[in-house]
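Down below is the structure, laid out as structure tokens.
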Amino acid sequence: IKHCDGKDFQVRRLLAAFRHCVTPEGQVLLKDYLEGWKELIKFMDALGTVFGFISQETITKINIMQSYRTGKHSDEYHTLESMVKYELQDNVVNFKELPSNRTPSGCRTLLRLHRALKWLELFLYKLATSTDQDSTSDMCADAYEEALARHHSWFIRQAASIAFLALPPRRTLFDIVCVQEEQEAQMVLMTTVKALVRVYNITQEVYTAHGMLDLP
Ligand code: 1PW
């Protein structure tokens, strides 16, 4: 398949990034976490123009994180844990709604990506355990309802539900994910789900411990 090399989306690269981002001590490396997200952007771009606004919005979040990670205080943005510690100490977490001209904190921005990661995890799980009769649009919409819809405004929810309708069928998705055999697809998807669960759970614990699951 022609789009399975070079710069295009590869599920294996996604998997590698989300695996590498967890250190042996169980901390989350922001560089690899964001690499994983950049790979996801390629996936969304391969899904066509209807995913454009979703991918644009996600790129905005990645860019904010990238600028912190490479900025003045880059040392503090090495891991999720160091970021949380630093932003809490420095009092920049913004537990209250911010004036719109201020750059949102890393904690607040990453929380959006963190929530979206749950959506991806559920969607890939559904995809892995589905058959050719199942609709990818339904799977995607169900995952969205379960994981993300309640965090989004009415407008975003409408736009998202329209984008899901345009999702290609299962076989085409497997092509984009670059697996052809049904069994191989299942295995790669489940392995990816496991890696995502691991990162998700660590992040969730850190945010819970600091009462930061609802940052506005
Ligand atoms: C086919 C499956 C692909 C799954 C990839 C997951 C990407 C999820 C990105 C969802 C973005 C939806 C549109 C954005 C809405 C924003 O309002 C929202 N951003 C996110 C990333 O959820 C919240 O950001 P805000 O408005 O509070 O700054």
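The values are calculated or read from the model by the stated rules, or taken from the named source; none is laboratory data. All figures in this text were calculated on a predicted structure; none of them were measured in a lab. Cβ placement follows ideal geometry from the backbone for every residue including glycine, while neighbour counts extend to all protein chains displayed.
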Starting from residues that are in contact (Cβ under 8 Å) with a residue 24 or more places away in the chain and within 9 Å of the ligand (Cβ to nearest atom), keep the ones in the range 128-162 and report whichever is farthest from N91 (Cα to Cα). T136
I need the full set of residues from the range 106-123 which are buried (at least 22 other Cβ atoms within 10 Å of the Cβ) and either closer than 24 Å to Q158 by Cβ or at pLDDT below 95 (or both), in order please. L117, L120, F123
Checking S82 against (1) assigned to a helix (DSSP H, G or I); (2) within 13 Å of the ligand (Cβ to nearest atom), only one condition comes out false. Which one? (2)
Can you name every residue in the range 119-140 that is closer than 14 Å to F51 by Cβ and among the small types (G, A, S)? S137
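Would the range 91-102 turn up any residue that is in a helix (DSSP H, G or I) and either near the ligand (Cβ under 9 Å from one of its atoms) or aliphatic (A, V, I, L, M) (or both)?
The initial filter retains those residues of the range 91-102 that are in a helix (DSSP H, G or I), namely none.
Taking every residue of the range 91-102 in turn, none turns out to be in a helix (DSSP H, G or I) and either near the ligand (Cβ under 9 Å from one of its atoms) or aliphatic (A, V, I, L, M) (or both).
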If we keep only residues of the range 34-79 that are more than 9 Å from the ligand (Cβ to nearest atom) and not in a helix (DSSP H, G or I), then the residue surrounded by the most Cβ atoms within 10 Å (Cβ to Cβ) is T79
Residue pairs within 7 Å by beta carbon, gap of at least six or interchain, first lying in the range 163-182 and under 26 Å from E57 (Cβ atoms), second assigned to a loop (DSSP other than H, G, I, E, B) and among the acidic types (D, E), listed first then second, are R170/D132; R170/D134
Taking the residues in the range 169-196 that are over 24 Å from S137 (Cβ atoms) and within 15 Å of the chain's Cα centre (by Cα) as candidates, determine which candidate is surrounded by the most Cβ atoms within 10 Å (Cβ to Cβ). A195
Cβ-Cβ under 7 Å pairs, at least 6 apart or on other chains, the range 83-96 side free of Cβ contacts under 8 Å to residues at least 40 places away in the same chain and closer than 18 Å to T203 by Cβ, far side small (G, A, S) and surrounded by 15 or more Cβ atoms within 10 Å (Cβ to Cβ): E87/S105; E87/G106
Take the conditions modelled with pLDDT of 95 or more and within 16 Å of the ligand (Cβ to nearest atom) and apply them to T172. Does it pass? no
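For (1) crowded, with 20+ Cβ neighbours inside 10 Å; (2) not small (G, A, S), each residue gets a yes or a no:
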| position | (1), (2) |
| --- | --- |
| S130 | no, no |
| S137 | no, no |
| Y144 | yes, yes |
| R150 | no, yes |
| I162 | no, yes |
